[in-house]
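Report on one structure; see the data block that follows.
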Amino acid sequence: MSKLDVLVIGGGIGGLCLAQGLKKAGVKVSVYERDATPISRLQGFRVHISPEGSTALHACLPPELWMVFNRTGGAFVRGFTMVTEQLKELLHATSDDDGTTDQPIARHRSVSRITLRHILLSGLESLESNVHFNKRFVRYEKSGGRLVAHFEDGSTAEGDVLVGADGVNSPVRKQYLPHAEPIDTGVTIIGGKVPLSDGALALLPARLLDGPVVAMPPEACSLFMVVWKREAGGDEYLRLLGLDGFIPEDEDYVILGFGAKREFFGFRSDPLTMRGAELKDVLRRKVTRWHPSLRKLVELIDDTQIALARIRTSEPVRAWTTTRVTLLGDAIHSMTPYRGIGANIALQDAALLCAKLGEADRGERAVVEAIAEYEAAMRQYGYAAVASSLRAMERATGEKGPAFGLTKTALRVMNAVPALRRRAMTA
Ligand SMILES: Cc1cc2nc3c(=O)[nH]c(=O)nc-3n(C[C@H](O)[C@H](O)[C@H](O)COP(=O)(O)OP(=O)(O)OC[C@H]3O[C@@H](n4cnc5c(N)ncnc54)[C@H](O)[C@@H]3O)c2cc1C
């Protein structure tokens, strides 16, 4: 019989992974998510899962869901390539270089966010482990030794521990650690999706069939491209989730993400109010001198699938006094997407917090002591990931200037030396 009763605010990647792990460990958990239903919002596109994220999922998911996760990933995940805007190769590294290719668990994966969400929600509908939708958290209060969460609809929920897994705008963080608010980096990403038709395939840099490709022009911007294509046979495993081997919006595609400082785009009106066709026009103007294949790819972006993201980043905050309220994922260490690790760090948080709360539930240590150990470790690796993601963004969108010729030469030298390529893969 579980002694602890854990409330998780936010049913995103981190919150649901924690709930799966606590359920597996026999700890009572309830998730409160503001979305009206599991599918009321498009969950975004493909996501890179690192060896660390993969290990965390393996720890938290029950074996049958791990098997579905393991078999429904995407193809083309071994490599990472940098090219010029004329598609000349600067650097190509593969997971052979960091030794993860043959790892059954701890390896790089390309995963559909929509599929991952279905996996993470699966089995959480029972009375013991519940996900409550349409519950917008507004505040919490302490009542005796318990925590009471208040929701917009006037309802409340009570538990022993409250975890804010409610993303970059976290209302739990705003109340608990108001000084830990993320800052605007000034960088905007315009992202879009191109269906993976034969026509699109013919335009793609060949390296895209090996993993993500980043185009680095001499100007202060970059273009990220990656193909999402489910590996052969994966659809069969979706049936184990009660899905019909097919998920709408989850067909094969290429993602393009063009990032730069806001002023670089020369927006003529507020970009947040611009329609897809207008955003595409902005992109079109920025690539007029790029390789014809890249220009054509931009033309092929589906106007209804163009999105704009203003990139924010957390700033490390000093250690706080631990209580029974804690935070995980973007709620406490939001990072730029330029290393593709934010979701992985959220998963790592979930697995670690789950292990610590499991120890507290079994009476092996006090709850606050268990949370303190989680927070001390999380601040270390979480803020290190924030810093390296910020550096990656600055390299990709900062002024490159005349030294860019030297950078290109350095990248080509790295490309020729296996030990340096290995460092590029793990940097
Ligand atoms: C363009 C882009 C590309 C990215 N690519 C990658 C990648 O390849 N790999 C990677 O690892 N990371 C990537 N990331 C980062 C990654 O998406 C995030 O780090 C990750 O989603 C964080 O997970 P989370 O669970 O902390 O928060 P979220 O996934 O944001 O989940 C938070 C949840 O809380 C809910 N919520 C919010 N407010 C409330 C409330 N008041 N009450 C109840 N519920 C609430 C939300 O609805 C949501 O479901 C990318 C990010 C961007 C912007």
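Between 0 and 90 degrees, the angle of helix 13-24 with respect to the longest Cα principal axis of the chain falls at about 40 degrees. Cα centroids of the range 303-373 and the range 1-71: 13 Å apart. With respect to the chain, whose longest principal axis is taken over its alpha-carbon atoms, helix 404-416 is tilted by about 80°. With K and R counted +1 and D and E -1, the other residues having a Cβ less than 12 Å from that of G257 yield a net charge of +2. Close Lys pairs in the range 126-280, defined as Cα atoms under 21 Å apart and 8 or more places apart or on different chains, number 5.
Counting other Cβ atoms within 10 Å, keep those with at most 16, restrict to DSSP loop, and tell me which trypsin sites (Lys or Arg not before Pro) in the range 108-208 are left.
On the way: sites: R109, R113, R117, K135, R136, R139, K142, R146, R173, K174, K193, R207; in loops: K135, R136.
The qualifying sites are R136.
For the chain, the relative contact order comes to 23 percent (Cα pairs under 8 Å, sequence separation of at least 6).
Pairs of alpha carbons in the chain separated by more than 33 Å make up 35% of all such pairs.
Across the range 251-333, the relative contact order, built from alpha-carbon pairs under 8 Å that are at least six residues apart, equals 25 percent.
How big is the charge dipole of the chain about its Cα centre, in debye rounded to the nearest 20, if each Lys and Arg gets +1 on its Cβ and each Asp and Glu gets -1 on its Cβ? Don't skip to the end; give the middle numbers.
Working: 54 positive and 50 negative charges, 235 e Å.
So the magnitude is around 1140 debye.
Bear in mind that the values in this text are calculations on the coordinates, not laboratory data. Just so it is clear, the structure is predicted and the values come from calculations on it, not from any experiment. Because the Cβ atoms are built from the backbone with ideal geometry, glycine has one as well, and the counts that use them run over all protein chains shown.
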